[in-house]
Structure formats: structure tokens, C-alpha cells
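Here is the structure we will look at, set down as C-alpha cells.
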Amino acid sequence: MMRPIATTRSATGIPTGKLAVWWLIASEIVIFGGVLGGYIMHRLGHPDWAHQAIHTNTWAGAFNTFVLLTSSLAAVLAHQAAEHGDGKKAAKMLYLTVVGGLVFLVVKSFEWSHEIHAGYTITSNTFWSFYYTAAGIHGIHVIVGMIIMLFIAADAAKGKELQRVENVGLYWHFVDIVWIFLFPLLYIAK
Amino acid sequence: MAELTPSVAAPATAAPAHHGPSYVKTWGILLGLLVVSVVGPMLEIRVVTLLTAFGVALVKAYIVAKYFMHIDVEKRYVTYLLFTMVVLMGLMVAAVSPDVLKHDGHRWENRAAKRSVVRGENSAKAAAALPGAVHH
């Protein structure tokens, strides 16, 4: 069977598939950087946002940080297993990572339900517009990562395309890093 | 069309050997830093909040990038690529920030922003005046 170019070619010293993930991350830096930079500027220019920020739930944010850091550990352990050629263990670790993503989304949905019920919606104030936009874009990235991971885990369990385990791990760690910055901005700076 | 010829066959996993603390130990350090970033701001001292919340976030991001993403053993140009993006983003923020942070200048005034601040302050006061309001 023909193996894809991304797997077999490495013109730059990095396998093409992995290089593509680095480029993806580079473009994501600009996307999230723009949102976070915009938020920081507006937050500094609008001292009244502090009255809105006090309503975000620090403990929910902290718990979700714990969940994402733990899922990142599972992702890197999946990579380690793939390095040793242990596809079954890599798949297991990827499934654990997906469970972490799922827990993150469940906590987020409870949090958002509570906030929307309390009257803090995306249109109620520019702070909340940023809050829902930044956390929403991040949440979409979590969902996309989980879906891709499920496909890769299914292959890894059969011992196929193990190099993809590292690639999806890189993406997941980046999503984790974005949350590491979102957490203090949206939940700690009151 | 020219055929794409594999120049270097990629191994099953091209990851470099892991150096530094074990992954679980790294995770433990990250959790410790998470605790610091939550507890530090509780002291309600501005400098401590900045250091523990935002300073620690930088450290956590560095640890994840170095020990989980292995960026330090990746080809150097990957670091340059990512760093370039961060710099470009910083330039964008620096260029836009005067317009966003300041609400007036020598020959201009951002009335919408000023009104927004006043509206925000008023609605916060109104909310605080409501019976049963939570005072922070």
C-alpha cells in the first residue's frame, strides 16, 4: 500500500506531516495571540470590566487547568509509547487524553449554563463577548483535537501510523498552552 | 509535473530521545505551579498577582513547550518560526494599543469607549445597590 507523502518525505529534516503541525501551530499563535492581545488591551483600557470579571468561576477554571495539564501528560505518554512501538498503549493513552478533553468540555458547559442563566451572555458586555469568544474558539480546538485523536488512536491500536501520535500530541499541548494563558486572564485577574 | 521523491525516509516516529525530568515529575511541577497561580492572587497584592498568575503562566507554558513538545531538541528553525509569530503578534498589539488604551488625544476623542466605561461603572453600581447583591 502507498504511504502518504507526509509520512515518507522529509525534505527539511522534519517529517512533512510533523512540519505541517508546526506550521499549523505557528498560524494558531497569531489567531489566539490576536484574541488575547485584544483582550489585554481592552481590559487595561476599560477598568469597569473588573466588575464583570468577578463573576467568572476561578475554581472551575483551575479545575479545567488541572484536567488539561493531566490530559497533556497522557498525550506525551502516548507519544512515548509510540516511540517504543507500543501502539496499544499509545492508543490507550490517547483515549485517556480524549476523556480529559471531554471532562474539560462538560465543566465548561456547566459553567456557561450557569453564567448565561445569571444573565451574562455574549452580548451583555464587551468583557463577556471576549470571554465567550476566546473560550469558545479554544473549546472548538479541544473538540477538533479529540476527534482527530480518536481516528489516530484507532490506527495506533492496530500498530499503524504511529508517527501521527506525536503530531496530534503537539497540537494538544499547544491547546493546553493557550488555556494556560486564558486561565489567569479570564479567571484570576478580577 | 515533477515527481515528489522522498529525500529522507522518516522513521516510524521521528521523536528525539527524552531528556530532563520524567513526564510524571514534570506534570507534578506543573500542578504545583497551578496551585501557586491560584493561591498567590488571593493575597490581593498587585505585584504578587502579576507574578503568580501571569509570570507562572509563562513558566508553565515554557515547561510544556520544552518537556512535552520537546521544542528544545527540534530543528532550530521551528523555534525561529514560532518566535517570529509571537514577535509579529507583539508588533500588532504594540501598534494598536495606543488607540485602544487611550480614549483621547490631542485632536481626537473616543467617545464610544468613554461612554462604555461610564456605562459599565454605572451598571456595576446599580447591581451593587440591588437588595441581596453580593459585595466583593
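The values are calculated or read from the model by the stated rules, or taken from the named source; none is laboratory data. Predicted model only: the values in this text are computed from it and were never measured. Here the Cβ is made from the backbone with ideal geometry for all residues, glycine too, and neighbour counts use every protein chain on show. Side chains included, ligands, DNA and RNA excluded: accessible areas come from the protein's heavy atoms. Shrake-Rupley method; radii C 1.70, N 1.55, O 1.52, S 1.80 Å.
What aspartates and glutamates does A:K190 reach when the alpha-carbon gap must be under 13 Å and sequence neighbours fewer than 8 apart in one chain are set aside?
By straight Cα distance, A:K190 reaches A:D48, B:E44.
To the nearest 0.05, how large is the calculated FRET efficiency for B:R76 and B:K25 if R₀ is 22 Å and r is the Cβ-Cβ distance?
The formula returns an efficiency of 0.25 here.
Run the paramagnetic zone check for B:V86: 7 angstrom along Cα to Cβ, then residues of segment A:31-49 with backbone nitrogen under 20 Å.
Within reach of a label on B:V86, which here means backbone N under 20 Å from a point 7 Å along Cα→Cβ, segment A:31-49 contributes A:31-41.
In nm, to one decimal, how far is the modelled label at A:S113 from the one at B:A128, with both set 7 Å along Cα→Cβ?
Simple spin-label model gives 3.3 nm for this pair.
Angle check, please: helix A:16-45 long axis (alpha carbons) against the longest principal axis of chain A (alpha carbons), in degrees 0 to 90, nearest 10.
Helix A:16-45 sits roughly 10 degrees off the main axis of chain A.
Could you state how much accessible area B:L58 has, in square angstrom rounded to the nearest 10, with a 1.4 Å probe and all protein chains kept in place?
110 Å²
State, in angstrom, two size descriptors of segment A:47-177 derived from its alpha carbons: Rg to one decimal place and Dmax to the nearest whole number.
Rg and Dmax of segment A:47-177, Cα atoms, are 17.1, 55 Å.
Enter the accessible area of A:S124 (Å², nearest 10), with the probe set to 1.4 Å and all protein chains included.
Using a 1.4 Å probe on the heavy atoms, I get roughly 60 Å².
Using only Cα atoms, find the angle between the long axis of helix A:87-117 and the longest principal axis of chain A, and express it within 0 to 90 degrees, rounded to the nearest 10.
Roughly 10 degrees between the two axes.
So which trypsin sites (Lys or Arg not before Pro) in segment B:82-124 are both in a DSSP loop and have at most 14 other Cβ atoms within 10 Å of their Cβ?
Those satisfying the criteria are B:K102, B:R107.
List the lysines whose Cα sits under 21 Å from the Cα of A:K92, skipping any in the same chain fewer than 8 residues away.
By straight Cα distance, A:K92 reaches A:K158, A:K160, B:K25.
Pairing the Cα long axis of helix A:163-183 with the longest principal axis of chain A, what angle in degrees results, from 0 to 90 and rounded to the nearest 10?
Tilt relative to chain A: about 10 degrees.
With the radius of gyration and the Kirkwood radius both derived from the Cα set of segment A:112-190, what is their ratio Rg to Rh?
1.14
Can you tell me which aspartates and glutamates have their Cα less than 19 Å from the Cα of A:K88? Leave out same-chain residues fewer than eight positions away.
Leaving aside aspartates and glutamates fewer than 8 places away in the same chain, those within reach of A:K88 are A:D155, A:E161, A:E166.
The protein assembly as shown: D in µm²/s via Stokes-Einstein (Kirkwood Rh, Cα pairs, 10 °C, 1.306 mPa s)?
It comes out at roughly 74 µm²/s.
Considering only protein heavy atoms, what is the solvent-accessible area of B:D72 at a probe of 1.4 Å, reported in Å² to the nearest 10?
Approximately 90 Å² of B:D72 is accessible to the 1.4 Å probe.
Starting from the Cα of A:S129, step 7 Å along the direction of its Cβ; do the same at B:R107; then give the gap between the two resulting points in nm.
2.8 nm
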